[in-house]
Every structure is written in structure tokens, then in C-alpha cells.
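S.K.: Below: one structure in C-alpha cells.
What follows draws every value from the coordinates through simple rules; no lab data is involved. Since this is a predicted model, take the numbers as computed values, not measurements. Please note: Cβ atoms are built from the backbone with ideal geometry, for glycine as well, and neighbour counts cover all protein chains shown.
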Protein chains: 2
Amino acid sequence: MAAPMKVIDCDVHNMLRSSADLVPYLKEPWKSMIASFGVHMPGTYSSPIGVMRKDAVPPGGGIAASDPDYLVEQLVKPYNMEYAILTGGLYAVNVHPDPDYAAAVASAYNDYLIAEWLPRHPSFKGAMIVPVQDPQQAVREIDRIGPHPDIVEIMLASASPIPYGNRFYHPIYEAAERHGLPIGIHPGSEGGGISAPPTAAGYPTNYLQWHTSLSQNFMAHLISLVCEGVFEKFPRLRFVLVEGGVAWLPHLMWRLDKNYKALRWTVPWLKKMPSEYIRENCFLTTQPIEEPEDFEQLKQIFDMIDAERMLLFSSDYPHWDFDDPTHILRRLPEESRRRIFYQNAKELYNL
Amino acid sequence: MAAPMKVIDCDVHNMLRSSADLVPYLKEPWKSMIASFGVHMPGTYSSPIGVMRKDAVPPGGGIAASDPDYLVEQLVKPYNMEYAILTGGLYAVNVHPDPDYAAAVASAYNDYLIAEWLPRHPSFKGAMIVPVQDPQQAVREIDRIGPHPDIVEIMLASASPIPYGNRFYHPIYEAAERHGLPIGIHPGSEGGGISAPPTAAGYPTNYLQWHTSLSQNFMAHLISLVCEGVFEKFPRLRFVLVEGGVAWLPHLMWRLDKNYKALRWTVPWLKKMPSEYIRENCFLTTQPIEEPEDFEQLKQIFDMIDAERMLLFSSDYPHWDFDDPTHILRRLPEESRRRIFYQNAKELYNL
């Protein structure tokens with residue numbers, strides 16, 4: 001045998017037992033933040049205050065909103081909810097690089113939703129998820145799950161590498177229309193996975209900027225959906241822009257209509273003004289509703305977009321920025337409240 | 001010598017004499033478009049109707065708006081303009097991959113502007129450009145050109161790989177503040193060069209979508225500038241959002257203020273509400289102004305943002321979507337018109 005050779009190893013990964021090992025070496029505010037939520041490596045932007053309401057943890061412990069019975073007790077009953085659309089959170093798998101992984105997770109989640117949630121309370125209706133990065137597999141999943149009577153929506157992540165009007169996605173829309181299922185778009189992992197950077201100007205530095213910018217994703221998807229003729233091709237299809245904000249919509253409709261007047265021959269498949277497609281085919285959920293100091297200004301915005309027809313109430317339970325239905329929009333007229341808090345969703349989801 | 005060997009060459013580039021060679025083989029509307037504007041390879045989104053007003057070509061021919069005397073005749077005199085801020089178009093060099101190339105073009109343009117435009121008419125004031133992708137060189141250029149009495153602004157492209165609040169850019173802002181020069185941000189080559197994709201959802205397919213989405217870049221930059229504390233660090237610095245639209249601003253201020261209330265400890269350098277920084281340090285130019293069917297709705301938006309203090313008139317001459325100052329906003333009250341069309345710019349640019 002050869003004599004032992006002297007060695008220098010230039011890459012040995014010493015590991016933390018947990019993020020807690022770093023806490024004594026941190027200063028505030030990072031100390032409290034990392035003590036509570038751990039160290040996050042780049043991937044997605046995560047809320048430095050945690051994304052969950054602390055009071056939504058079930059009495060037996062565990063993850064907030066992970067116990068159907070407690071969810072009914074804390075949310076459905078006190079707020080007199082006839083239905084609650086369960087949106088989960090795994091639509092973020094839409095920006096996973098591997099379409100087969102995404103398909104496996106989507107199918108498992110949909111089966112879990114149907115097995116462990118939807119039968120548990122008559123108020124529960126579910127949003128299924130699909131591997132949007134592989135439209136053929138997504139269509140198969142819609143055909144498999146879509147007929148379930150308690151599945152009322154297909155939820156996509158607003159994070160994406162390609163705007164949702166693109167023809168790449170049209171097979172999904174054909175299937176959604178065929179099953180009478182609206183498509184929801186929900187913020188998720190903007191800037192993570194295979195998605196584009198979370199703003200058109202690149203990567204912001206923190207969660208505050210990232211969260212404030214989320215509306216921009218919705219604007220991009222909406223412009224794309226209208227201009228690519230999705231609503232001419234699939235006239236019965238409806239989109240729901242979930243948690244993307246509301247008050248930006250007048251600007252977008254005005255700007256798009258104005259540009260359309262100058263450039264309509266580049267989109268000859270459109271037969272109506274872009275804003276008409278938006279009003280007829282799209283809905284927006286309320287949370288997080290913008291809150292100007294002067295409520296009348298929000299009411300003016302609502303009048304500009306016919307909010308009474310376009311908005312659907314949402315609480316975002318159990319997330320940190322939950323909108324209490326007894327508090328928000330309480331100053332709207334009675335009939336507007338009835339439509340936004342109840343009637344629009346009842347009609348859209350055929351409840 | 002060896003006998004001639006038989007050869008198959010598998011990559012021989014046959015070339016068009018010009019785009020016109022393809023025209024006989026195209027159908028409408030592509031036939032007219034490519035006959036007029038040529039074939040564009042991917043790079044930037046270009047207007048299929050051309051970006052220039054056809055009537056802005058000087059009598060002697062050539063490029064629209066390339067003759068100072070004709071510009072004075074066609075724009076400055078008829079509209080009674082005391083000053084016209086010349087913004088050029090070469091700020092798009094800000095997304096060139098090579099910072100030395102960008103620096104060379106920027107210096108050449110600035111010298112050309114000072115030599116061949118600014119002395120030609122007393123109404124002319126100029127926006128200099130800088131190689132924003134190399135802040136140290138940009139600072140040297142600001143120190144070289146900034147003292148010129150007719151240079152009143154530094155213009156950056158809104159296309160960028162990094163939002164403009166990022167600390168990378170702060171040396172530029174220190175220099176701009178030191179010279180008392182506002183920084184303009186102007187649409188350019190979103191999605192081209194080293195910029196991020198032109199929307200947070202990726203690449204739209206056509207110019208209509210791209211142009212409608214441009215406002216989203218401005219939103220991202222504005223959120224970044226405020227949240228990174230640029231206006232605490234450089235309190236005398238002013239930003240001008242040129243050609244980015246206006247009506248989206250209420251939504252952004254409300255959403256950012258709301259999020260700030262929940263997350264303010266993540267940006268401890270901020271001393272005021274985000275919307276206060278925006279109102280005090282930022283201006284927006286009017287063109288292309290949003291045009292709802294009901295002008296009162298635009299007026300409501302203006303009231304939400306104190307437009308009388310925040311807006312600066314701009315025509316975008318000689319571009320296709322020129323706003324005629326005798327037409328737009330003519331229904332605003334007299335004092336608002338006076339501030340927006342004249343007084344705000346006079347004060348901002350020290351004219």
C-alpha cells in the first residue's frame with residue numbers, strides 16, 4: 001500500500017442543525033425574523049412576518065387552515081358563508097421546471113381535495129390545479145377532475161414564463177370551457193422557478209416591493225388574454241383574477257382601448273373593444289382591496305369598472321392580510337354589496 | 001494533387017437584397033407592413049405602423065424631427081412653446097450589453113446635442129443620456145455634461161435588468177442631485193438587450209400588448225425607488241416618469257401605502273408614507289394620456305393624485321401617438337392647465 005497521502009479538501013459542506021444556530025449571531029430585525037421563519041435561500045419572495053394568521057392554527061396545533069372543521073368554525077359560520085371556494089396554495093407548482101413533477105403534485109392535490117375536504121362541509125367548493133407547463137397533461141387532468149360536482153374552478157399561478165393569452169395555453173382553455181369551469185389566476189411564486197422576473201424591470205429586493213408589484217402580473221395576463229383573442233375563441237370561458245387588486249383596472253381598460261383604436265388591424269380576430277371582453281369575461285376578487293383614505297375615491301373607481309358586476313368577495317383566509325367581510329366595503333350600497341359578496345359568485349360558479 | 005473531393009456544404013447564408021424581396025410572397029396585412037417597415041428580427045418590439053408621424057419628415061426629406069428648424073416651425077411656434085425638452089431616443093442604449101459601447105454612444109449623443117441642437121433655438125433644452133449599466137462611467141459623464149446650462153435632465157430607459165431603486169444605481173443619483181438635474185425615465189426597448197422580459201408574466205406576442213404593458217415598468221421602478229429609500233438618501237432628487245401613463249398611479253399609491261403599514265419595519269429607512277415620497281419627488285408626463293369616454297372619470301383620477309402638482313405636459317413629437325396640446329386636457333380648469341402645461345415644468349427644470 002502507498003503511504004498515506006496528505007490531502008486538502010476544498011469543499012466540505014458544514015451544515016446548520018437549523019436556522020436557529022444563526023440566531024445568536026444576528027441583529028434585529030433579522031434576529032426575530034429568522035428566529036420565527038428560518039433562513040430563506042433565494043427562490044421565492046417570502047413574507048418576513050410569515051404569511052399565516054397566527055390565530056388560524058387549529059386548536060390541535062399544526063398548519064393554519066389545515067383542519068376543515070376548524071376552518072368552518074373560524075370562517076364559514078361566523079361570517080355566514082354559504083359557500084367557500086377552497087383555493088389551497090399548490091398552484092405555485094405551475095412554475096416548477098419539471099412538468100411531470102407538476103402533473104404528479106397537481107393530481108395528488110386534486111385527489112386529496114376531493115377526498116379530505118370537499119365532503120367535509122356543504123359550503124366547500126374546490127379549485128383544482130393543473131400542470132399548466134404541459135397543456136396536454138393539464139387537459140387530461142381537467143377531463144379527469146373537472147366533472148366532479150364540487151370542483152368549480154381551475155386555478156393557475158399568476159407567476160409564469162409566458163403570458164396566459166399565448167396559444168400555448170389554448171388547449172387548457174378549450175377543456176375549461178367544455179367543462180364550464182372558470183379559470184382563476186392567483187399570485188404565487190413570482191420570480192421563482194421558471195417564471196419571468198417578478199417585474200418588467202427585473203428583481204426587486206424585498207417582499208414589500210414584490211407584493212406591491214403583484215398586480216403587474218395580472219395586468220400582463222389580462223392584456224395578453226384579450227389581445228390574443230381568447231374570449232373570441234372561447235366565448236363562454238370566464239377568468240377570475242384572484243388577489244391581484246382592483247383599482248388598476250380603469251387605467252388598463254382605457255390604455256388598451258386607446259391603443260386598440262390605433263393598432264386594431266394587428267389583432268383582426270377581435271370583434272369588440274378590449275374593455276368589453278374584460279367586462280364580459282373577467283371577474284376580480286376583492287382581497288386585498290385598495291384602501292384610499294377617502295372611500296369615495298374607491299367608489300369612483302368601482303363606478304369606472306362596473307364593480308357591481310365584476311367583483312367577487314374573497315377573504316384570503318388564513319393569510320396575514322385577510323379582509324374581514326363585515327368590515328371591508330361596508331359603505332357600498334346594499335345592492336352592490338349583495339352582488340359582490342354573494343350573487344356574482346353564485347352565478348359564475350353555478351352554485 | 002488529390003482528385004477533387006465531392007462536397008456538401010450544410011450552411012450557406014443566401015441573403016435578401018432587401019426586405020422588399022419578400023413582399024410579393026406576403027399576404028395582407030403583413031405585405032403592407034413589411035413593404036413599409038422591413039422585416040424585424042427579434043430584438044425589440046416595433047410599431048407595425050411605424051413610430052413616426054409621416055408629416056414630421058422635414059421638407060428636405062430624411063428622418064422625422066431630425067431638422068431643428070423644421071421642428072421649431074412645426075411644433076414650437078404653432079403651439080406657443082416657451083421651452084421644449086429634447087429627449088432624443090438613444091437612451092435605449094441603456095440596455096446594450098456592453099457598457100463601454102453605451103458610454104461611447106452616450107457621450108457622442110450628448111456632444112452632438114450640445115453642438116447641433118441646443119444652440120439652434122432658445123426654446124431648446126436637452127436631456128442627456130448616460131451608460132446606466134456602468135454607474136462609475138455614468139457619473140463621469142454627468143460631471144462632464146451636467147454643468148451645461150441647457151442640459152436640464154438625465155434620461156434613462158425604462159427598460160432595465162434591475163429596478164431603478166437598487167443601490168447599484170445610487171452613485172448616479174448622487175451625481176444627479178449634486179448637479180440639480182432631474183432624472184427622466186422613458187420607454188425604450190423593453191424586452192430588448194439586457195432588459196428583463198417586458199412583462200412580469202414574460203414576453204407578449206405583439207406591439208399592441210407590449211405598448212399597453214409599458215406602464216408596468218414604470219410601476220416597478222417607482223415602487224423600487226420609494227422602497228429602497230432613494231428619496232430619503234437624495235431628498236432633492238426628482239424623477240420624471242415620461243410616457244408611462246398616469247391613471248394607474250392611485251392604485252399604486254394605495255396598494256403601496258397599505259402594504260407599507262404592514263411591513264414598514266422591513267424598510268426602516270422610510271420616514272413618510274410611500275405616497276408622500278411619490279407626491280413630493282416624482283412627476284409624470286401626460287402623453288399618452290388615458291382617455292375614458294367620460295372625461296369626468298379622468299378628472300376624478302387627477303384629483304386622487306393631485307395631478308395639478310404632479311403632471312407635466314408632453315407631446316411625444318414626432319411619434320405616432322402625439323398628443324396635441326390644444327386638444328388634450330382642454331376641459332381641465334384654467335389653473336390646472338396652467339400648472340400642467342407650463343408652470344410645473346418651469347419650476348422643476350429651473351427654466
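S.K.: If you take the Cα Rg of the stretch B:2-51 and divide it by 2.2 N^0.38 Å, with N the number of residues, what do you get?
M.R.: 1.79
S.K.: Between A:M273 and B:D150, what is the label-to-label distance in nm when each label sits 7 Å out along the Cα-to-Cβ direction?
M.R.: In this crude label model, A:M273 to B:D150 measures out at 4.4 nm.
S.K.: In Å and from the alpha-carbon atoms only, list the Rg and Dmax of the stretch B:176-326.
M.R.: 16.0, 47
S.K.: Which is the longest part of chain B that has none of the GluC sites (Glu not before Pro) sitting in a DSSP loop with at most 11 other Cβ atoms within 10 Å?
M.R.: B:83-292
S.K.: Order of B:W30, A:W254 from fewest to most other C-beta atoms within 10 Å?
M.R.: B:W30, A:W254
S.K.: Distance between the C-alpha centers of the stretch B:12-31 and the stretch A:227-303? Whole Å please.
M.R.: Distance between centres, Cα-based: 38 Å.
S.K.: Quick one: if the Förster radius is 41 Å, what FRET efficiency do B:D294 and B:A20 give, using the C-beta to C-beta distance and rounding to 0.05?
M.R.: About 0.35, to the nearest 0.05.
S.K.: While we're looking at this one, here's another question. If you build a Gaussian network model of chain A, linking Cα atoms that sit under 10 Å apart, which residue out of A:Q216, A:Q297, A:Q133 swings the most?
M.R.: The residue that fluctuates most here is A:Q297.
S.K.: Let me ask something else about it. Mind running the shape call on the protein assembly as shown? Use the C-alpha gyration tensor, a ≥ b ≥ c as the square roots of the eigenvalues: rounded below 1.5 for a/c, prolate if a/b tops b/c, oblate otherwise.
M.R.: Verdict is rounded for the protein assembly as shown.
S.K.: Rg to Rh ratio, chain A, alpha-carbon atoms and Kirkwood radius? Show your work: numbers first, answer last.
M.R.: Numbers: Rg = 22.4 Å, Rh = 22.0 Å.
Computed over Cα atoms, the ratio is 1.02.
S.K.: Moving to a separate point now. Of the residues B:H96, B:H13, B:H251, which exhibits the maximal mean-square fluctuation in a Gaussian network model of chain B defined by a 10 Å Cα contact cut-off?
M.R.: In this elastic network of chain B, the residue with the biggest mean-square fluctuation among B:H96, B:H13, B:H251 is B:H13.
S.K.: Within the stretch A:151-213, report the chymotrypsin sites (Phe, Trp or Tyr not before Pro) that DSSP leaves as loop and that have at most 12 other Cβ atoms within 10 Å.
M.R.: Nothing satisfies the criteria.
S.K.: While we're on this one: What net charge do the residues around B:E290 carry, taking every other residue with its C-beta under 10 Å from that of B:E290, with Lys and Arg at +1 and Asp and Glu at -1?
M.R.: Every neighbour counted, the sum reads 0.
S.K.: While we're here: What are the distances, in nm and sorted shortest first, from the label point of A:P149 to the label points of the same position in each other copy, with each label point placed 7 Å from Cα along the Cα-to-Cβ direction?
M.R.: Here the equivalent label points are 8.4 nm apart from this one.
S.K.: To continue, here is another question. So what J values fall out for the stretch B:267-273 if you push phi through Karplus, 6.51 cos²θ - 1.76 cosθ + 1.60 with θ = phi - 60°, rounded to Hz, Gly and Pro as x?
M.R.: In residue order, the calculated couplings are 10, x, 6, 7, 10, 9, 5 Hz.
S.K.: Report the residues of the stretch B:295-319 in range of a label on B:E335: point 7 Å along Cα→C-beta, backbone N strictly under 15 Å from it.
M.R.: Those under the cut-off are B:303, B:306-310.
S.K.: Of the candidates A:R236, A:R309, A:R17, which one comes out as most mobile in a Gaussian network treatment of chain A with C-alpha springs shorter than 10 Å?
M.R.: Among A:R236, A:R309, A:R17, the largest mean-square fluctuation in the Gaussian network model of chain A belongs to A:R17.
S.K.: Neighbour counts of other C-beta atoms within 10 Å: give me A:I328, A:I85 arranged from fewest to most.
M.R.: Details: A:I328 19, A:I85 22.
Taking fewest neighbouring Cβ atoms as first place, the list is A:I328, A:I85.
S.K.: Classify the stretch A:134-262 from the C-alpha gyration tensor, please: rounded if a/c falls under 1.5, else prolate or oblate depending on whether a/b exceeds b/c.
M.R.: Details: a/c = 1.90, a/b = 1.33, b/c = 1.43.
Oblate is the answer for the stretch A:134-262, as a/c is 1.5 or above yet b/c matches or exceeds a/b.
S.K.: Same structure again: Assuming 0.36 nm per residue, please report the length gained on full extension of the stretch B:N206 to B:A3 beyond their Cα-Cα distance.
M.R.: Full extension from B:N206 to B:A3 adds 67.6 nm.
S.K.: Net charge near A:P78, counting Lys/Arg +1 and Asp/Glu -1 over other residues with Cβ under 13 Å of its Cβ? Show your work: numbers first, answer last.
M.R.: Numbers: positive: A:K77; negative: A:D55, A:E73, A:D324.
Summing Lys/Arg as +1 and Asp/Glu as -1 gives -2.
S.K.: Give me the net charge for the shell around B:S213: Cβ to Cβ below 12 angstrom, other residues only, Lys and Arg +1, Asp and Glu -1.
M.R.: Computed value for this residue: 0.
S.K.: Taking the alpha-carbon distance from A:K271 and a cut-off under 27 Å, which lysines remain once sequence neighbours fewer than 8 residues away in the same chain are dropped?
M.R.: Straight-distance partners of A:K271: A:K233, A:K258, A:K261, B:K27, B:K31.
S.K.: In sequence order, what are the phi-derived ³J(HN,Hα) couplings for the stretch A:67-73 according to the Karplus relation 6.51 cos²θ - 1.76 cosθ + 1.60 with θ = phi - 60°, rounded to whole Hz, with x for glycine and proline?
M.R.: 10, x, 5, 5, 4, 4, 5
S.K.: Same structure again: Separation between the A:D11 and B:K346 pseudo-spin-labels, each 7 Å from Cα along Cα→Cβ, expressed in nm?
M.R.: Inter-label distance under the simple model: 6.6 nm.
S.K.: To continue, here is another question. For the modelled label position 7 Å from the Cα of B:D303 along Cα-to-Cβ, which residues of the stretch B:247-275 have backbone nitrogen atoms closer than 20 Å?
M.R.: Label zone hits: B:247-255.
S.K.: Given label points at 7 Å from Cα along Cα→Cβ, what nm distances, shortest first, separate B:N80 from the same residue in every other copy?
M.R.: 6.0
S.K.: Taking the label point 7 Å from Cα in the Cβ direction, how far apart in nm is A:M273 from each other copy of itself, listed shortest first?
M.R.: 3.2
S.K.: Report, in degrees rounded to the nearest 10, the 0 to 90 angle that the Cα long axis of helix A:249-263 makes with the longest principal axis of chain A.
M.R.: The two axes meet at around 70 degrees.
S.K.: Next question. Let me make sure I get this right: for the stretch A:38-184, a, b and c are the square roots of the gyration tensor eigenvalues over alpha carbons, sorted descending. Under 1.5 in a/c it's rounded, otherwise prolate if a/b > b/c, else oblate. Which is it?
M.R.: Oblate is the answer for the stretch A:38-184, as a/c is 1.5 or above yet b/c matches or exceeds a/b.
S.K.: Next question. For B:T44, A:T199, B:T285, what's the fewest-to-most ordering of other Cβ within 10 Å of each Cβ?
M.R.: In increasing order of surrounding Cβ atoms, one gets B:T44, B:T285, A:T199.
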